[in-house]
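Visitor: Supplied in structure tokens, the structure appears directly below.
The values are calculated or read from the model by the stated rules, or taken from the named source; none is laboratory data. Bear in mind the structure is a predicted one, so any value in this text is a computation, not a measurement. We place every Cβ from the backbone using ideal geometry, glycine too, and count neighbours over all the protein chains shown. The accessibility values were calculated without ligands, DNA or RNA, using every heavy atom of the protein model including side chains. Shrake-Rupley method; radii C 1.70, N 1.55, O 1.52, S 1.80 Å.
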Amino acid sequence: MKWSQLFNTSIGKKLLVGATGLFLCSFVIVHLAGNVQLLYNDEGKAFNSYAQFMGHNSLVQFIAWGLKILIVIHAVVALKLTFSNRAARPVKYAVNPGNQTSSWFSRQMAIMGSILFVFIVIHLVNFWGAFHYTNMPTHTYPGVEEPLKDLYALTYETFKNGLLVVLYVIGMIGLSFHLIHGFKSAFQTFGLNHKKYNGLISFVGVWIFGILIPLGFALIPIVIYFK
């Protein structure tokens, strides 16, 4: 079977969603590590230096555009899977089978994924777009050769708006629910589930990707708002 034919099948689409999802999981770790620098008491030197490097390094930019493409692929293919699954069973159950056939998280994946996708678009417009395509003010730091775009100041100014803070927290709730099911599901799709490792996979998926990482992202705008 050709690759193009494989990805037109339900199994092929699930493999594609699982692969892109796991790759994006690695991205959120790096992104959170960078964003934590917003809380350093250094007037933004660490975060703006990080943003300068990430925004102008050719390899990083190549990977960043690849990530954006993967996000779109992940979202589009996942929605196609959802619609095809519903089309395969046009008549709903007379009684909702609930946890007998699937977890609550798996049944909310399309909704949570859509919330997360909208959040990502808003996030890119607010920060990535502003950093690359606007005349952003700069800040000069001792020991740094050139002035740095002051994304730190923009972030603090943005999160003075309580509604935007709430929006970001909702986005991270969407990320949490999405990852709690998606991380484990990706391993199942690739046939990597085994009774020896399922406990570890569930722990990492729920406590690290489902709770710790979204909580870290959500706390940053909250701390900035009250700071």
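Visitor: For segment 190-201, how many residues are open to solvent by 30 Å² or more (accessible area, probe 1.4 Å) and part of a helix (DSSP H, G or I)?
Guide: 3
Visitor: Ok, one more. Test of understanding: among Phe187, Phe177, which residue is part of a helix (DSSP H, G or I) and within 16 Å of the chain's Cα centre (by Cα)?
Guide: Phe177
Visitor: So, one more: Looking at segment 37-49, which of its residues are under 26 Å from Leu179 (Cα atoms) and buried (at least 16 other Cβ atoms within 10 Å of the Cβ)?
Guide: Of everything in segment 37-49, those that are under 26 Å from Leu179 (Cα atoms) and buried (at least 16 other Cβ atoms within 10 Å of the Cβ) turn out to be Gln37, Leu38.
Visitor: In segment 52-64, which residue that is open to solvent by less than 40 Å² (accessible area, probe 1.4 Å) and more than 18 Å from the chain's Cα centre (by Cα) is modelled with the highest pLDDT?
Guide: Among those that are open to solvent by less than 40 Å² (accessible area, probe 1.4 Å) and more than 18 Å from the chain's Cα centre (by Cα), it is Gln52.
Visitor: Also: Go through (1) in contact (Cβ under 8 Å) with a residue 24 or more places away in the chain; (2) open to solvent by less than 40 Å² (accessible area, probe 1.4 Å); (3) within 19 Å of the chain's Cα centre (by Cα) and name the single condition Tyr141 misses.
Guide: For Tyr141, the exception is condition (3).
Visitor: Let me ask something additional. In the list Ile180, Ile224, which residue meets the criterion of being β-branched (Val, Ile, Thr), open to solvent by less than 40 Å² (accessible area, probe 1.4 Å) and closer than 21 Å to Gly34 by Cα?
Guide: From the options Ile180, Ile224, the qualifying one is Ile224.
Visitor: Determine which single condition Asn135 fails, assuming it passes every other condition in (1) in a helix (DSSP H, G or I); (2) among the polar types (S, T, N, Q); (3) surrounded by fewer than 17 Cβ atoms within 10 Å (Cβ to Cβ).
Guide: (1)
Visitor: For segment 157-170, enumerate the residues that are open to solvent by less than 50 Å² (accessible area, probe 1.4 Å) and not in a helix (DSSP H, G or I).
Guide: Correct list: Phe159 only.
Visitor: Cβ contacts < 7 Å: first residue of a type outside the set (A, V, I, L, M), restricted to segment 56-79; second residue assigned to a helix (DSSP H, G or I), any location; separation 6+ or different chain. Result?
Guide: Sorted first by the residue in segment 56-79, then by its partner, the pairs are His74/Val17; His74/Thr20; His74/Gly21; His74/Leu24.
Visitor: Suppose the filter is open to solvent by 60 Å² or more (accessible area, probe 1.4 Å) and either within 25 Å of Ala51 (Cβ to Cβ) or out of contact with any Gly (no Cβ under 7 Å at 6 or more places or on another chain) (or both); does Leu154 pass it?
Guide: no
Visitor: For segment 202-213, which positions are surrounded by 20 or more Cβ atoms within 10 Å (Cβ to Cβ), modelled with pLDDT under 95 and either within 20 Å of Leu38 (Cα to Cα) or out of contact with any Cys (no Cβ under 8 Å at 6 or more places or on another chain) (or both)?
Guide: Gly205, Gly210
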